[in-house]
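Comments concern the structure below.
The values are calculated or read from the model by the stated rules, or taken from the named source; none is laboratory data. These numbers were taken from a predicted model, which means no experiment stands behind them. For neighbour counting, all protein chains shown are included, and Cβ atoms are generated from backbone atoms with ideal geometry for every residue, glycine included. These area figures cover heavy atoms from the full protein model, side chains too; ligands, DNA and RNA do not enter into them. Shrake-Rupley method; radii C 1.70, N 1.55, O 1.52, S 1.80 Å.
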Amino acid sequence: MTSPQTPDNARRKFIAAAGAGVAGLGFTAIAPGLHLMAVGEANAAPTPRKAGEPANPAVRWGLLIDANKCAPGCTKCIDACHTENGVSANLPDPRQNSQWIRKIELVDRRPGKTRGHVTQLPMMCQHCAEPPCVDVCPTGASMKRADGIVLVDRHTCIGCRYCMMACPYKARSFVHAPLNDQNPEVPRGKGCVESCTLCVHRIDKGQQPACVESCPEGAMTFGDLNDADSAIAKRIASVPTTQVRADLRLNPGVRYEGL
Amino acid sequence: MFTPKPRQEENLFYLLAAIGGLVSAIGLAAALYMEHEGHVVTGMNNQIVWGLPHVVAIFLIVAASGVLNVASMGSVFGRVLYKSRAPLSGLLGIAMLSGGLAIIMLDLGRADRIIVAMTHFNPTSVFGWNVILYPVFYAFVGIYLWTMMERRMNPYSKVAGLATFIWRIILTTGTGSIFAFLVARQAYGSALLAPMFIIMSFSWGLAVFIVVQATMYAWNGMQLPPLILQRMKNLLATLVAAVLYFTAVLHLVSAYFAKQTAFEYFILVDSEFSGMFWIGQVLIGSLLPLTLLFHPATRAKVAWINLAAALVIVGAFFQLYVFIIGGQAFPLEMFPGYDIKSSFFDGTVDHYSARLPEILLALGGVAIAFTMTTIGVRALHFLPQDDIAELEAAIRITD
Amino acid sequence: MNKREAIFSAFPLCLCVSVVRFVPFALALLAVSPAPTFAGDGTRTDKPVIEIAKPGKCIAPAEEMRRNHMDMLKHQRDRTLRLGIRGEPVTLNGCIECHASQKTGSVLGEGNFCQSCHAYAAVKLDCFECHQPKAGFKATGVKP
């Protein structure tokens, strides 16, 4: 449950083989999709990556969120995220606005001592190791970077929204109207799907995601799940943590504590 | 029934073609407007990401492959009755698929990038498979039509028919699998969906065929031989019952799974969709047509059988609406055992109401299918020519 | 990139693609035919006057930039987004920093760097559907 390694890829391989089969019926040849370059390298410290160096496949970036520390009514992480990424919410129908991160309030309804207990937590893209959004994307625009960050390549996103149908976390938003207030480092635009990038532009500079940095309670820990010496891996090894929708075995990179 | 005179007939044809073309053009304009303003002008949102355009498009695509079954019955299974109907069924297949695909493609957030869907292929995506399935379907049906309509190619029509039949089964499996491969939402993610979509396509395709055939016969002042109608009606009844059976199994199994009971309660009992399910899908789309097809007072009358086929089509729209919109309106269950709420409407049932641009786009797709059929039927020989003596002989043998 | 291209070239689908790809060209031909280039007294349309806010040395000679900037940007975008390579000499933000107009701060708008030339060449400019066209723009976002 708490193992940070990527589990078997059987499901993905099966679907790929089935897809190749379908393709093979109509066409002669098919090859697997793009594979990211594997650069064997030792542990990456959270230092800025050198120019010209690709994302390190030995690293898997992740978040550990302590729901016990998350304060009711506090929206600092959301504000920080939306400022950093230029996410605006000005459409008349609020259901059409993008939300990269949101605060969820949970009331325990299970019988027992904890019944009625209220929990807060921020919810965002869970950066799965086996992301359904990547599996279903017809063009391969939905992708997982070598270091485990799930992104949308807006250059090839056609806006079909199949990934939104496939995501069990409601993590993705569709940009419903033209934009002009983007952060130069965070391009986003009408007609494409988007979600939390784990502040990939900050991580690559050696900074932490904006939400993590902004949390006054220190409820969020960011780090390399694959590095046994990192604070996040140590914490996951020592306290019980939860993966949301663990039954789906997507192996999310975002884990919760205190649920 | 109304039969136009030759002079009137010509004018009426141009009028119908013009109306079809106009509605198609309005649909296209609506798509351009959506493309320019963004999907903010539609009723779709981040919870209900696929709306009315998808309901109509999926109906057209599913029925397009189903309507081809009339041809397959003739070419593959050697039924004389259906053989003379094969060209019309091929035309309808191409026309409806075109309408459906036009809607899907024009609804994309970046419809201008449709080329990307062809240059970038992801083998794990069922949508990606469909990008291959559809063009090949066109090619197969095109070749099949050619082998049927060009006398010298006739000997090959059986092979072409078989290939088309196999491909259409794969194609509908692909359409059903779009939903079957979704793990996130309770309404989908069932292996049953692929075969169920095939049965649905048989039923809806045949219903569309019966309605179009009836219109064509009336247009030409002809009477469909009762023998033929009788056969088609029996087949339609069997298929409608089969769809109802699949629906029952799907919901029964789902209702048994503890994690699905809340969703089943929502769809079947307590939501705007339960009325559509029971009245639209079950009553209007299944029970009423079955009664009309079997009741002694109605089962032998052309008008009633055509009405039954029309009701099956109406029921199909209800079924897809409940399946697609209802399936998305129910909130994602991320934390079982907890009440959940957020600024992103987690834990809340969503309500979808289609707005004008998407309604026009959906109608435009139907109009494309209609216009292609109208022009095709008029320009080429698609009216079934039956040799009644041969037919009766064939039926005596097969029975 | 190479693998992707390999798939592509192996695909008989490219046949369909080339047919479809022809459509924009055909349409462009239609659109261009009454263009001012061939209209009126037969003189060419004036070349666009491009204001360069920060004159100086570009990453490559102007001739090469004019011809190849789209390919440079396209390869860079795939390397940066898909592989995570940062700090490349070619960056769209780099273009914008030097070439944005001093008046409006943008590379878009009439007479400004990107738009004026693309308008002249009648080439669709798709970058700024998503990318910020203004230099030094600070995003603020709004509370949901």
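Structure notes:
- Amide N proximity, the stretch A:93-125 versus A:VAL239 label position 7 Å along Cα-to-Cβ, cut-off under 16 Å: A:119-122
- Computed from the C-beta positions of B:LEU283 and C:LEU125 and an R0 of 41 Å, the FRET efficiency is 0.15 to the nearest 0.05.
- Distance from the Cα centroid of the stretch B:263-292 to that of the stretch B:41-85 is 21 Å (rounded to whole angstrom).
- Alpha-carbon Rg/Rh ratio, for the protein assembly as shown, with Rh computed the Kirkwood way: 1.00
- Between A:GLU257 and A:ILE65, A:ASP66, A:ALA67, A:THR242, the built amide H atoms are under 5 Å apart, and every one of these is 5 or more places off in sequence or on another chain.
- Sorted largest first, extent of the stretch C:48-135 alpha carbons per principal axis (Å): 37, 28, 23
- Stretching the chain fully between A:ASP229 and A:ALA51 yields a gain of 61.5 nm (0.36 nm per residue, less the alpha carbon separation).
- The three principal axes of the C-alpha atoms in the stretch B:156-199 carry coordinate ranges of 45, 14, 9 Å, sorted with the longest axis first.
- Note on the stretch A:53-257: percent of Cα-Cα distances in each 5 Å bin, starting at 0 and stopping at the bin with the largest distance, equals 1, 7, 15, 20, 21, 18, 11, 5, 2, 1, 0.
- With a 10 Å cut-off around each Cβ of A:52-60, the average count of Cβ atoms from other chains is 3.
- Sequence ranges B:242-251, A:81-90, ranked by mean other-Cβ count within 10 angstrom, highest first: A:81-90, B:242-251
- Taking a ≥ b ≥ c as the square roots of the eigenvalues of the Cα gyration tensor, the stretch A:125-203 is classed as oblate, since a/c reaches at least 1.5 and a/b does not exceed b/c.
- Average other protein chain Cβ within 10 Å of Cβ, residues A:84-90: 4
- Surface accessible to a 1.4 Å probe, B:THR238 within the full protein complex, Å²: 90
- Computed from the C-beta positions of C:GLN102 and A:ASP93 and an R0 of 35 Å, the FRET efficiency is 0.35 to the nearest 0.05.
- Just so you know, the Rg over Rh for chain B is 0.98, from Cα atoms, with Rh as the Kirkwood radius.
- Length released on extending from B:LEU252 to B:LYS5, taking residue separation times 0.36 nm less the Cα-Cα span: 83.6 nm
- Distance in nm between pseudo-label sites at B:ASN234 and B:PHE13 (7 Å out along the Cβ direction from Cα): 3.6
- Every helix of 4 or more DSSP H residues in chain B counts as -39500 (n - 2.57), and over all residues that averages to -22500 deg cm²/dmol at 222 nm.
- For the stretch B:338-350, putting each phi into the Karplus relation 6.51 cos²θ - 1.76 cosθ + 1.60 with θ = phi - 60° gives couplings of 10, 7, 10, 8, 6, 6, 9, 6, 5, x, 10, 6, 8 Hz, in residue order, rounded to whole numbers and with x for Gly and Pro.
- Residue-normalised convex hull volume from the C-alpha trace of the stretch C:56-107: 84 Å³ per residue.
- Normalised by 2.2 N^0.38 Å, where N counts its residues, the alpha-carbon radius of gyration of the stretch B:179-309 equals 1.24.
- Taken over the stretch B:60-123, the convex hull of the Cα atoms encloses 104 Å³ per residue.
- Separation of the B:ALA163 and B:LYS341 label points, Cα + 7 Å toward Cβ, nm: 6.1
- With q set to 0.13, 0.28 Å⁻¹, the log10 of I(q)/I(0) for the stretch B:284-348, from the Debye formula over equal scatterers at the Cα positions, is -0.54, -1.06.
- For the stretch B:73-213, the fraction of C-alpha pairs more than 19 angstrom apart is 58%.
- Counting, for every residue in B:330-337, the Cβ atoms of other protein chains within 10 Å of its Cβ and taking the mean gives 5.
- Using the Cβ-Cβ distance between B:GLU150 and C:LYS57 with R0 = 56 Å, the FRET efficiency computed as 1/(1 + (r/R0)^6) comes to roughly 0.25.
- Protection proxy ranking of A:127-138, A:235-246 - average other beta-carbon atoms within 10 Å, highest first: A:127-138, A:235-246
- Cα→Cβ-extended label distance, 7 Å offset, between B:ASN220 and B:ILE388, nm: 1.5
- Ranked packing of A:184-190, B:260-266, most packed first, by mean Cβ within 10 Å: A:184-190, B:260-266
- Chain B: relative contact order as a whole-number percent, Cα under 8 Å and 6+ apart: 30
- Relative contact order for the stretch A:53-257, counting Cα pairs under 8 Å that sit 6 or more residues apart, in percent: 31
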